[in-house]
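Here the structure comes first, spelled out in structure tokens, and everything after it is commentary.
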Protein chains: 2
Amino acid sequence: MTHTDSASPAPAHEIETEDHVALGEDYALTASFVEKVVDAADDGDGMRLRGLLEDLHPADVADLMGFLTSEHRAVVVQWLPPELLADTLPELDDGIREEVLERVPHLTLAEALQELDSDDAAAVVEDLEDDQREKVLAAMPEVDRAAIESSLGYPEDSAGRLMQREVMAAPQFWNVGDTIDHVRRQGEELPELFFDIYVVDPVNRPVGGVAISRLLRAPRETPLIELMEPINAIDVDVDQEEVAYIFEKYNLISAPVVDTGGRLVGQLTVDDIVHIIQEENREDILRLAGVSDEDRSSGVLEIVRGRVPWLGINLFTAILGAGVIAFFEGTIQQIVALAVLMPIVSAIGGNAGTQALTVTVRALATRELTSSNAVRTFWRELTVGLANGLVLSPLVGLAAGFWFHDWRIGAVIATAMILNLLVAATVGVLTPLTLSKLKFDPAVSSAVFVTATTDFFGFLIFLGLATIVLL
Amino acid sequence: MTHTDSASPAPAHEIETEDHVALGEDYALTASFVEKVVDAADDGDGMRLRGLLEDLHPADVADLMGFLTSEHRAVVVQWLPPELLADTLPELDDGIREEVLERVPHLTLAEALQELDSDDAAAVVEDLEDDQREKVLAAMPEVDRAAIESSLGYPEDSAGRLMQREVMAAPQFWNVGDTIDHVRRQGEELPELFFDIYVVDPVNRPVGGVAISRLLRAPRETPLIELMEPINAIDVDVDQEEVAYIFEKYNLISAPVVDTGGRLVGQLTVDDIVHIIQEENREDILRLAGVSDEDRSSGVLEIVRGRVPWLGINLFTAILGAGVIAFFEGTIQQIVALAVLMPIVSAIGGNAGTQALTVTVRALATRELTSSNAVRTFWRELTVGLANGLVLSPLVGLAAGFWFHDWRIGAVIATAMILNLLVAATVGVLTPLTLSKLKFDPAVSSAVFVTATTDFFGFLIFLGLATIVLL
């Protein structure tokens with residue numbers, strides 16, 4: 001999504017313009033710097049704003065935008081130097097980017113986009129409204145427009161959409177000297193930064209790769225095919241999650257992307273992958289908590305729309321649980337202690353189920369859990385559930401027995417807890433495994449289902465046992 | 001932790017040895033391949049094992065080890081070619097690595113470690129038992145031993161521990177030609193792969209960096225200082241989480257590491273950072289669920305030891321909640337419907353609190369939430385809580401009113417739910433913010449505290465209101 005950049009601003013204490021320090025010790029923008037920007041925006045002091053902004057790294061400008069309100073962003077965008085604006089666009093959160101794009105005149109934008117690598121330009125154009133997109137594309141040179149349109153032709157989140165089309169390829173018969181000479185001549189058309197040279201056959205299919213640090217080491221007359229190592233070509237239509245897994249597993253820095261004929265059409269670099277990994281992790285952690293996608297720029301209405309459905313489902317399952325309790329109203333009326341104790345059984349079950357669930361979701365995401373070890377994992381979790389129960393239930397049993405002066409109540413809650421911990425382990429592992437088998441995201445709605453099940457069975461087992469034993 | 005490697009095995013369909021395909025479409029090992037390895041290990045058929053293993057990428061061998069039982073791993077280690085074993089060691093899960101290391105003779109290990117970059121070798125030596133470590137280090141050449149010992153002298157998880165000491169540095173007065181000639185001559189002493197050349201002053205302090213793809217583009221006579229860009233030098237004692245943040249924010253591929261005098265002592269590369277990012281994400285997601293560190297090689301006892309303390313804390317807080325209910329025993333005795341409905345109030349509160357908590361923990365981790373926007377974030381969450389309440393409570397109120405034929409019960413539960421959702425928003429945001437302010441990990445124990453609070457106040461508000469209104 002962002003341009004590869006091996007350079008970055010000097011450490012905090014060196015980025016000082018007049019009287020301010022933009023970055024704190026932890027490389028985050030300081031609150032006092034953000035305040036200065038807000039003050040200047042409030043005063044409409046454009047020259048001061050430009051002075052504050054012009055030395056920032058694009059990543060820091062993007063960060064700053066996240067801390068501002070929509071009104072202040074509108075002022076800041078006006079005073080950003082055009083080149084800095086171009087470099088900042090790919091770094092912005094989606095919601096903020098859409099907002100900013102509405103404020104930038106289409107000619108300014110068309111010019112800015114030509115400065116970016118094709119993947120970054122496409123990511124920006126993707127966010128434009130239809131009519132603005134047409135105007136911006138019409139104002140760009142044919143070759144840049146074609147590159148962006150071809151990139152947008154690939155499915156969202158595919159390798160084709162993520163790749164940059166600029167790539168350093170060399171025919172099989174070249175040697176080190178040929179390659180270096182070519183790079184010196186054609187520098188303009190190559191990617192801004194690259195890490196591997198892809199060796200291609202006469203129909204442009206990659207047959208191997210040479211890391212450029214290896215190229216530098218070798219004498220000029222060394223043939224490329226002697227330096228070449230096998231490479232992992234990625235199909236244009238592979239999903240980004242898959243791409244991230246391959247990069248992470250094999251410690252890749254870059255990889256060629258090929259079309260269905262195996263021909264080289266672009267490359268992916270690790271800095272883009274880092275952002276994808278963070279995005280996938282963010283999705284997993286939020287989905288487990290029942291939060292649909294939201295970011296710091298989301299308004300209250302958008303957030304509520306994302307969260308209320310999960311709470312609604314939770315409400316429905318909680319009413320089911322209440323139905324179980326209602327079924328035992330007669331028992332509770334006679335022994336009110338049961339009403340006091342029953343939330344303990346469901347709470348511990350819910351927590352243990354969430355533990356098993358989270359471990360399973362994470363193991364599925366990192367592919368540490370596959371059909372090779374699914375059965376073993378299930379049995380292990382069941383054993384863990386039993387062990388948890390054997391440790392905790394004597395404590396609960398003793399506490400409840402003493403509290404209500406009735407050892408039978410202690411025995412009932414202890415037994416119910418062991419059984420519910422077995423339910424928790426079962427549902428905690430099987431829910432995400434089943435979802436994953438059915439090709440659903442194992443994180444989505446798992447947590448609600450797991451706690452609903454442990455609540456339901458927690459109440460049922462505890463109150464059922466109590467009815468049998470105590471009445 | 002792992003060696004940088006731009007090459008990787010050919011796609012699945014090309015890695016076929018005799019009759020097997022090791023990798024599935026999704027680049028994970030296939031169940032049938034794992035089974036073949038298990039069968040060969042069971043039969044003690046060493047030649048067949050070696051045939052199966054020798055063409056695997058080290059990352060796949062590490063993966064395979066994760067799918068095997070301890071007994072099978074012992075057999076497989078015996079038959080791994082020594083070089084492949086060396087490359088596999090840095091890729092293994094910690095628990096498995098410790099186990100494997102106990103089985104490798106120290107001379108074999110000393111030899112294997114010399115093949116690795118200093119960061120990988122140190123990561124392996126770190127896991128050795130004290131007496132084995134001494135023997136292994138004693139069997140290594142002085143220079144390698146010194147590198148490892150110096151690496152282990154830095155604090156765990158610091159940049160100094162993670163960095164590799166091999167680095168490509170060039171004096172300020174060199175030009176492109178000097179640099180390429182140096183690389184061709186000194187190739188052996190340079191890192192296996194590198195991406196940037198660090199330009200250093202006479203006392204070895206980095207003053208800038210040149211991406212090697214930029215070096216390649218420039219004519220031989222270009223001075224390095226003309227190509228040089230500002231770089232972000234990282235102090236040896238900076239924590240790995242900080243390092244990951246800097247790499248991600250500025251899209252770095254590599255960065256120089258400097259000692260307290262600002263002198264160049266090593267470099268960090270992005271492939272190591274990808275592993276750190278995954279590790280930090282893993283920690284966050286597991287800690288939120290109350291799971292201490294465990295991996296697929298952890299035994300049941302280890303897992304239980306990690307999870308039971310959280311369940312124990314949860315048990316304690318659940319008993320506090322039960323205490324609240326016990327306080328209202330008289331009320332429940334008169335209106336048993338309250339026992340039926342009260343878990344609904346606490347369940348929705350717990351879920352809403354977890355949503356707010358997770359969003360906050362994530363925003364803190366990515367530094368999207370700082371003191372600049374903490375107050376605004378808090379108010380936003382409180383507004384979201386109120387909005388959630390206004391949407392959901394009429395539903396609950398109506399349902400409860402109809403169910404128990406008493407509109408006052410409906411009014412009580414609706415009011416209690418709105419208030420508890422405000423409690424959930426407050427505690428969901430303030431808990432991680434406070435922990436973070438006090439320099440604790442905002443994920444640790446937050447979830448238990450949040451649900452305990454929403455349970456406690458859920459019962460208190462609902463039963464308290466009911467006592468006032470209904471009796």
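Bear in mind these aren't lab numbers, they're just calculated from the coordinates by the rules spelled out. Bear in mind the structure is a predicted one, so any value in this text is a computation, not a measurement. When we count neighbours, we look across all protein chains shown, and the Cβ atoms used for this are built from the backbone with ideal geometry, even at glycine.
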Per residue of B:355-362, how many C-beta atoms from partner chains lie within 10 Å of its own C-beta, taken as a mean?
-> 5
Taking a label point 7 Å out from Cα toward Cβ, give me the nm distances from B:E111 to the same spot in the other copies, shortest first, one decimal.
-> 6.6
When the charge dipole of the protein assembly as shown is computed with +1 on Lys and Arg Cβ and -1 on Asp and Glu Cβ about the Cα centre, the Cα farthest towards its positive end, among A:Y245, B:S393, B:N351, belongs to B:S393
Can you list the residues, at least 5 places off or on another chain, whose amide H is less than 5 Å from the amide H of B:V238, using H built in the peptide plane?
-> B:A159, B:G160
Equivalent-ellipsoid semi-axes of segment A:308-437, from the Cα gyration tensor, Å, largest first = 31, 20, 10
Around B:A211, which amide H atoms from residues at least 5 apart in sequence, or from another chain, sit under 5 Å from its own amide H, with H modelled in the peptide plane?
-> B:I197
Peptides A:132-139, B:246-253: what's the order by average Cβ count within 10 Å, highest mean first?
-> B:246-253, A:132-139
Hey, rough spin-label estimate for B:R263 and B:D39, points 7 angstrom out along Cα→Cβ, what's it come to in nanometres?
-> 6.0
Round to the nearest 0.05 the FRET efficiency obtained for B:D144 and A:A31 when R0 = 45 Å and r is the Cβ-Cβ distance.
-> 0.45
Wrap a convex hull around the Cα atoms of segment A:147-251, take a quarter of its surface area, and give that in square nanometres.
-> 7.2
Which percent of the Cα-Cα distances in the protein assembly as shown go past 58 Å?
-> 14
Other protein chain Cβ atoms within 10 Å, averaged over every residue that makes up A:85-96 | 0
Using unit Cβ charges (K, R positive; D, E negative) and no other charged atoms, how large, in debye to the nearest 20, is the dipole of the protein assembly as shown about its Cα centre?
-> 4260
For chain B, divide the Cα radius of gyration by the Kirkwood radius and give the resulting Rg/Rh value with two decimals.
-> 1.10
Once label points are set 7 Å from the Cα along Cα→Cβ at both B:E102 and A:L390, what is their separation, rounded to one decimal in nm?
-> 2.2
Starting from the Cα coordinates of segment A:12-159, work out the convex hull volume and express it per residue in Å³.
-> 118
Inter-copy separations for A:D55, label at 7 Å along Cα-Cβ, nm, ascending | 5.8
Using θ = phi - 60° and the Karplus form 6.51 cos²θ - 1.76 cosθ + 1.60, what ³J(HN,Hα) does each residue of segment A:290-301 get, whole Hz, x for Gly and Pro?
-> x, 10, 6, 4, 8, 9, 5, 8, 5, x, 4, 4
Given A:F327, B:A447, B:G66, which one lies farthest toward the positive end of the charge dipole of the protein assembly as shown, if we put +1 on the Cβ of every Lys and Arg and -1 on the Cβ of every Asp and Glu?
-> A:F327
Using unit Cβ charges (K, R positive; D, E negative) and no other charged atoms, how large, in debye to the nearest 20, is the dipole of segment A:118-180 about its Cα centre?
-> 300
Compute the signed sum of charges (Lys and Arg +1, Asp and Glu -1) over the other residues within less than 10 Å, Cβ to Cβ, of A:V300.
-> 0
If contacts are Cα pairs under 8 angstrom and at least 6 residues apart, what is the relative contact order of chain B in percent?
-> 11
Taking the Cα centre of chain A as origin, work out the dipole magnitude from +1 charges on Lys and Arg Cβ and -1 charges on Asp and Glu Cβ, in debye rounded to 20.
-> 3260
A correct fewest-to-most ranking of B:W79, B:W174 by other Cβ atoms within 10 Å would be B:W174, B:W79
Within a Cβ distance under 9 Å of B:A123, other residues only, what is the Lys/Arg minus Asp/Glu net charge?
-> -2
Inter-copy separations for A:K135, label at 7 Å along Cα-Cβ, nm, ascending | 7.6
Arrange A:T451, A:T377 by Cβ neighbour counts within 10 Å, fewest through most, would you?
-> A:T377, A:T451
Can you give the extra length, in nm with one decimal, that the chain gains between A:F402 and A:E71 once fully stretched, where that is 0.36 nm per residue apart less the Cα-Cα distance?
-> 113.0 nm
